[in-house]
Amino acid sequence: MARPDKAAAVAEIKETLENSHAAVLTEYRGLTVAQLKELRVKLGETATYAVVKNTLTEIAAKEAGIDAFDGQLSGPSAIAFIQGEPVEAAKVLRDFAKANSQLVIKGGYLDGAALTAEEITKLADLESREVLLAKAAGAMKGSLSKAAALFAAPASQAVRTVEALRVKQEEAA
């Protein structure tokens, strides 16, 4: 029979996994408490970073239908549960791992799909949602400007031709 505190921990992890858009599994061996606190502050509102017990997390992930952590839960593990923008949280984790080599990104999941550490790095290399939307809007505006110029070209060419004929007739007269 499972102990009530462990059953409650599994339920809490399962609920957090189900309510998160994404999660990143890390190994934090060698990091100090101050460094972990710094990472939590940097993640801010986009994610919560929690140290987890491997066996309980494995059980919770299976109950939640997530197989992204299979075989990766060994050593001191912590998960960044991402509720906000996954790209921003991935950037924070990548940058922190570069500055602190003890933090190892093992893998994760995004909207139910498993991610490798390399895929999380690629996700971190993406620009933010706002930047991508601004680029798309700029591209659309540029296309609309070209279309407007294209539609206006015959009329302006006709006006220039009529003006050239008028000037030519005045010179001839």
If I model a spin label at Arg3 and Glu63 as a point 7 Å from the Cα along the Cα→Cβ vector, what separation in nanometres do I get? 1.6
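Return the carbon/sulfur percentage of the accessible area of region 1-91, one whole number, probe 1.4 Å, all protein chains in place.
Working: 2590 of 4830 Å².
Solvent-exposed carbon and sulfur of region 1-91 make up 54 percent of the total.
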Between the alpha-carbon centers of region 97-173 and region 1-55, tell me the distance in whole angstrom. 39
Please list Lys6, Lys91 from largest to smallest accessible area, probe radius 1.4 Å, with all protein chains kept in place. Lys6, Lys91
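Express the relative contact order of the chain as a whole percentage, based on alpha carbon pairs under 8 Å and six or more residues apart in sequence. Please list the in-between numbers first.
Values: 207 pairs, mean separation 44.9, N = 173.
Taking the mean separation of contacting Cα pairs over the length of the chain, I get 26 percent.
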Extension gain Leu144-Glu45, at 0.36 nm per residue separation less the Cα-Cα distance, in nm? 31.9 nm
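Nearest 0.05, what FRET efficiency do Ser74 and Leu132 give at R0 = 30 Å with Cβ-Cβ as r? Please report the intermediate quantities before stating the final value.
On the way: r = 36 Å, r/R0 = 1.20.
Once the sixth-power term is evaluated, E becomes 0.25.
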Given 0.36 nm per residue, what is the gain on full extension from Gln83 to Gln102 after removing their alpha carbon distance, in nm? 4.4 nm
Need one number: nm distance between label points at Asn19 and Glu171, each 7 Å from Cα along Cα→Cβ, rounded to one decimal. 8.0
By how many degrees, 0 to 90 and rounded to 10, does the Cα axis of helix 4-19 deviate from the longest principal axis of the chain? 10
How large is the accessible surface per residue of region 35-173, computed with a 1.4 Å probe and reported in Å² as a whole number? 62
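Determine how many Å³ per residue the convex hull of the Cα atoms of the chain encloses. It would help to have the intermediate numbers written out before the result.
Values: hull volume 28.5 nm³, N = 173.
Cα convex hull per residue, to the nearest whole number: 165 Å³.
The values are calculated or read from the model by the stated rules, or taken from the named source; none is laboratory data. None of these values were measured; they are calculated from a predicted model. Reconstructed Cβ throughout: ideal geometry from the backbone, glycine too, with neighbour counts over all protein chains shown. With ligands, DNA and RNA removed, areas are computed over all heavy atoms of the protein, side chains included. Shrake-Rupley method; radii C 1.70, N 1.55, O 1.52, S 1.80 Å.
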